[in-house]
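This report refers to the structure that appears directly beneath it.
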Number of protein chains: 2
Amino acid sequence: MDELKKSWKEAKYKLGNHGDRTIDVLKQALTAVDDKEESDIYGTGTVIEDFQEKMAKVLGKEAAVFFPSGTMAQQIVLRIWTDHGKNNRVAYHPLSHLEIHEEGGVKELHHIQTVLLGEADRLFTLNDLKQLEEPITCLLVELPQREIGGQLPTFEELKEISQFCRENEIKVHLDGARLWECLPYYNKTAAEICSLFDSVYVSFYKGLGGIAGAILAGDQSLIDESKIWKRRHGGDLISLYPYVLSSDYYYEQRIGKMADYYNSAKRVAEQFNLCEGIETIPRKPVTNMFHVHFSKPKTEVAAILTTLQQETSIGFTGMLKNHGDSVCSFELSLGDAFDKIPEKDWLAAFQELNKRMNLSS
Amino acid sequence: MDELKKSWKEAKYKLGNHGDRTIDVLKQALTAVDDKEESDIYGTGTVIEDFQEKMAKVLGKEAAVFFPSGTMAQQIVLRIWTDHGKNNRVAYHPLSHLEIHEEGGVKELHHIQTVLLGEADRLFTLNDLKQLEEPITCLLVELPQREIGGQLPTFEELKEISQFCRENEIKVHLDGARLWECLPYYNKTAAEICSLFDSVYVSFYKGLGGIAGAILAGDQSLIDESKIWKRRHGGDLISLYPYVLSSDYYYEQRIGKMADYYNSAKRVAEQFNLCEGIETIPRKPVTNMFHVHFSKPKTEVAAILTTLQQETSIGFTGMLKNHGDSVCSFELSLGDAFDKIPEKDWLAAFQELNKRMNLSS
């Protein structure tokens with residue numbers, strides 16, 4: 001383990017997330033569950049069916065199905081839309097999870113042609129969509145756009161994009177890996193946002209801090225078809241209850257805290273932006289997350305953060321990403337961990353960070 | 001719920017399996033695990049890596065990787081063998097899991113051409129293999145052949161099949177969903193059996209009674225490649241530890257009991273075969289499982305078993321499968337549950353079963 005990661009792990013407090021991902025996270029979720037409650041069996045049984053129904057209601061859709069992963073759920077929904085569409089083209093952001101984190105599954109397994117919409121360092125716009133040269137069957141919209149720090153279009157623009165798609169027979173799918181985290185900014189319910197989309201995927205282990213698992217929601221016919229593909233993918237496990245139960249548990253624990261996380265993110269980002277040579281993207285967060293960019297080489301920043309983490313007992317990050325020779329960054333998602341830090345301690349750590357960034361200029 | 005299933009569920013004792021699949025199965029497995037043990041993260045971390053190494057050793061292979069399901073693991077290994085082979089043809093038994101329980105995933109996702117070897121109601125033989133008209137890249141051998149009651153070729157025939165494949169550049173893959181259950185009959189270690197195969201899949205929730213999960217084992221290069229496909233399939237979950245930990249726990253609990261389960265199966269099958277109009281397949285079990293065939297219509301047998309289960313408190317089965325108008329069957333796998341039944345009680349239940357089968361003739 002490198003020094004930066006070690007100093008982060010050993011820090012008493014952490015700026016981001018909900019705490020360590022230990023076995024206790026699962027044990028806690030199971031504590032209140034009756035020992036005699038029966039396992040789901042290949043997608044049937046009250047434990048999975050009740051949660052699916054609950055999530056269909058929350059998302060304002062006719063039906064929902066639980067998947068072990070979002071990777072599986074999203075490939076499948078795109079496969080179904082393109083199977084029923086006039087062509088096999090799907091448009092998404094150049095830094096979509098499907099493009100950069102899934103080893104090309106959507107192409108290798110489903111032979112879907114992907115169209116990169118807009119540019120990597122910004123949100124795509126209605127105008128980008130209108131300028132596409134070839135027709136598409138489906139548009140995937142990720143809210144927020146994680147790889148650019150969790151940016152969001154305005155709700156107005158989202159409505160226009162949705163309307164344009166509906167007028168042009170384009171299915172609109174929501175990659176809602178962090179949908180819960182958008183609700184305070186939009187000041188809308190999940191169902192209000194999802195009403196702009198034909199299908200929706202949501203995750204239970206990012207802002208909610210569960211173990212793993214995803215829900216795909218949409219019309220009954222879509223969900224019925226997705227269950228066939230879930231089996232084909234090897235996702236129709238005999239028992240998914242460890243993920244279902246923990247998803248439900250942490251949903252209930254944290255869905256009401258999204259506004260707190262969002263507020264924490266704005267406060268912490270403000271402090272970063274006061275430091276020499278540091279800028280957050282977006283400058284003012286719109287969810288609980290943002291990226292922190294340093295205009296210094298990675299080795300230099302790693303050295304600063306390592307000693308800072310050792311001395312202040314505040315964990316900023318365990319890893320840095322290089323962007324060329326003189327810029328590096330990390331991602332921060334605010335959660336329960338932040339509330340445990342005494343205010344004077346984290347504010348003092350930021351003063352110290354600013355001092356050291358100045359010194360090393 | 002139908003009457004047969006209800007009477008089975010309510011019966012104090014069960015002939016088959018290890019007990020109810022309740023949340024307690026997971027809770028038990030977690031009891032001894034330290035709360036602070038860290039989750040695996042996308043296939044890394046000691047919790048998953050240690051178990052993979054352990055299973056690689058048990059199976060006598062260079063490397064192993066944990067999958068959420070066997071469906072996923074097996075499609076992937078066949079994809080890799082055919083990608084590297086001269087053609088995309090894979091031969092297996094007509095009632096292979098891949099052919100009848102996976103919604104055609106291996107064809108729909110991987111465009112593999114499947115060749116049905118031999119006939120549905122018997123094991124395929126070396127001779128069947130020799131008579132194939134077209135060349136194949138891979139042969140999948142399921143031990144035991146579940147859909148025909150868990151039959152096994154002799155070890156000698158298995159060796160000949162393996163040798164033929166190696167001489168003809170055919171990869172041999174072992175569908176070892178119930179490999180642990182074969183060990184007493186072959187009187188071999190898992191590694192000795194696996195040495196006849198280029199790749200092996202084993203399961204942790206059938207004879208071992210875990211929650212879900214599978215291991216794929218083989219050469220390092222195969223396993224490395226399979227991890228890429230695992231991500232493509234949506235199987236590279238951030239956390240698989242609920243399945244990994246429970247797999248390890250129940251492996252340790254039950255791997256030493258396979259001979260007991262096998263012996264119980266032989267004793268119980270003997271009793272079935274003493275009854276009028278009942279026959280087991282195979283007649284003399286070679287693992288812990290067999291099928292029970294009744295030469296009577298399903299409705300009639302269901303009525304007999306329902307009252308028998310109500311009156312004797314011995315659960316035989318909760319479901320029956322129709323084979324035409326006058327034959328029906330069910331599958332039985334012996335496990336821990338059988339040991340809990342007082343001998344006189346289950347023997348008396350069989351006498352009663354025989355009486356009622358006679359009466360209804």
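Coordinate-derived values only; no laboratory data. Predicted model only: the values in this text are computed from it and were never measured. Note that each Cβ is placed from the backbone with ideal geometry, even for glycine, and that neighbours are counted across all protein chains shown.
Descriptive notes on the structure:
- Ordering B:Gly324, B:Thr312, B:Val301 by the projection of their Cα atoms onto the charge dipole of the protein assembly as shown, which places +1 on the Cβ of Lys and Arg and -1 on the Cβ of Asp and Glu, puts B:Thr312 at the extreme positive end.
- For A:Arg283, the distances from its label point to the matching points in the remaining copies are 8.7 nm, ordered from shortest, with each point set 7 Å beyond Cα toward Cβ.
- With all pairs of different C-alpha atoms in the average, the Kirkwood value for the hydrodynamic radius of the stretch A:132-217 is 13.5 Å.
- The chymotrypsin sites (Phe, Trp or Tyr not before Pro) of the stretch A:119-217 include none that DSSP puts in a loop with a beta carbon having at most 15 other beta carbons within 10 Å.
- Prolate/oblate/rounded label for the stretch A:272-340 (Cα gyration tensor, a/c 1.5): oblate
- Restricting the GluC sites (Glu not before Pro) of the stretch B:136-234 to loop positions (DSSP other than H, G, I, E, B) with no more than 11 neighbouring Cβ atoms within 10 Å leaves B:Glu169.
- Size of charge dipole - the protein assembly as shown - debye, nearest 20, with Cβ of Lys, Arg +1 and Asp, Glu -1, no other charges: 480
- Principal axes of chain B: Cα extent on each, largest first, Å: 61, 58, 36
- Value of relative contact order over the stretch A:40-238, rounded to a whole percent, pairs C-alpha under 8 Å and six or more apart: 31
- For the stretch A:40-238, the fraction of C-alpha pairs farther apart than 30 angstrom is 13 percent.
- Projecting the Cα positions of B:Gly45, B:Ile76, B:Leu132 onto the charge dipole of the stretch B:40-238 (unit charges on Cβ atoms of Lys, Arg, Asp and Glu, taken about the Cα centre) puts B:Gly45 furthest along the positive direction.
- Residue of chain B whose Cβ sits closest to the axis mapping B onto A, with distance in whole Å: B:Pro242, 2
- Ascending count of other beta-carbon atoms within 10 Å, so fewest first, for B:Leu129, A:Leu237: B:Leu129, A:Leu237
- Restriction of the GluC sites (Glu not before Pro) in the stretch A:266-361 to DSSP coil positions whose beta-carbon has at most 16 other beta-carbons within 10 angstrom yields A:Glu276.
- This ranking places B:Ser7, B:Ser313 by how few other beta-carbon atoms lie within 10 Å of each, fewest first, which gives B:Ser313, B:Ser7.
- Relative to the longest principal axis of the Cα atoms of chain B, the long axis of helix B:220-232 lies at roughly 70 degrees.
- Tilt relative to chain A, helix A:46-59 - C-alpha long axis, 0 to 90 degrees, to 10: 80
- The protein assembly as shown: projected area of the alpha-carbon convex hull, averaged over directions, in nm²: 33.0
- Euclidean distance of C-alpha centroids, the stretch A:265-344 and the stretch A:224-260, integer Å: 31
- In degrees, nearest ten, helix A:70-84 long axis to first principal axis of chain A (Cα): 40
- Simple Cβ-charge dipole of chain A, Lys/Arg +1 and Asp/Glu -1, about Cα centre, in debye nearest 20: 620
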